[in-house]
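Participant: So that we are looking at the same thing, I have put the structure below in structure tokens.
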Amino acid sequence: MSIILCSLGQFFGRSREIARIGTLEYSKSMSMLKFILALFVLHAFIALAQAPQNGAPRGFETGLFIGNVLPNQVPGMTEIHPQGGLRTGWSEGNGGVELSLATGKGEGVEWGDASLSLRMDIPVDVYIAMAYIGIDYIRYQGVNEELKSFGGGHVGGALLVPLGGPAGFRFDMKFNVNPGTSLLIAAGLVLTFGDSKGP
């Protein structure tokens with residue numbers, strides 16, 4: 001009996017140590033994220049002070065992005081999951097339609113998402129704020145799970161930072177419903193072809 005109790009004590013002691021190390025790593029990651037956000041805000045103030053008022057781009061858009069899916073109550077998927085994808089669409093300056101394809105494989109999970117969105121663009125000085133809503137088709141295979149397909153929906157927001165010419169940097173947060181809920185945090189480059197500015 002004492003051997004069992006001793007083994008349990010060692011197990012829980014190691015679990016606490018692992019949890020402590022995980023907390024430290026999380027704390028370091030959050031510190032780095034805060035630093036990056038502070039640099040971004042500083043850049044925003046400098047750019048706003050120097051640049052003239054601009055409208056939203058209008059025309060055909062395409063771009064690549066990378067990011068992570070944060071799952072919640074998705075069967076067989078408990079870890080943050082890497083994603084990469086392609087986005088394409090049409091913008092009319094005050095909004096548009098876009099199609100997004102994303103896929104990823106990691107931690108024993110495969111995840112694919114095709115989404116169609118209606119988007120509203122809001123020029124904010126040199127930046128373009130975006131809000132969108134749409135539908136999704138998701139195929140995923142969780143750990144020790146069969147391949148499954150789901151229909152779902154999403155709402156999201158994005159910030160487009162013009163880089164000059166047709167290029168821009170876009171940061172997205174997209175909240176999905178079904179299966180479970182998930183949050184995609186992604187960033188990538190966007191190219192817009194057509195009229196340089198909307199009305």
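Participant: Extension gain GLU79-VAL155, at 0.36 nm per residue separation less the Cα-Cα distance, in nm? Please list the in-between numbers first.
Facilitator: Working: separation 76, 0.36 × 76 = 27.36 nm, distance 2.19 nm.
Separation in residues times 0.36 nm, less the Cα-Cα distance, equals 25.2 nm.
Participant: Residues in segment 85-115 near a label at ILE135, defined as backbone nitrogen under 17 Å from the 7 Å Cα→Cβ point?
Facilitator: 97-101, 113-115
Participant: I've got another one for you. Segment 74-109 to segment 121-199: how many Å between their Cα centroids?
Facilitator: With segment 74-109 and segment 121-199 each reduced to a Cα centre, they are spaced 7 Å.
Participant: Let me ask something additional. When the Karplus curve 6.51 cos²θ - 1.76 cosθ + 1.60 is applied with θ = phi - 60°, which whole-Hz ³J(HN,Hα) does each residue of segment 102-110 get, with x for Gly and Pro?
Facilitator: 9, 8, x, 9, x, 6, x, 10, 10
Participant: Whole-Hz ³J(HN,Hα) for each residue in segment 157-166, computed from phi via Karplus 6.51 cos²θ - 1.76 cosθ + 1.60 with θ = phi - 60°, x for glycine and proline: what do you get?
Facilitator: With coefficients 6.51, -1.76 and 1.60, one gets x, 8, 10, 9, 10, x, 10, x, x, x Hz.
Participant: Say a paramagnetic label sat at a point 7 Å from the Cα of LEU86, along Cα to Cβ; which residues of segment 158-191 have their backbone N under 15 Å from it?
Facilitator: Hits in segment 158-191 for LEU86 at 15 Å: 189-191.
The numbers here are math on the coordinates, done by the rules we state, and not lab data. All values reported here derive from a predicted model rather than from experimental measurement. As a convention, Cβ positions derive from the backbone with ideal geometry for all residues, glycine included, and neighbour counts pool all protein chains shown.
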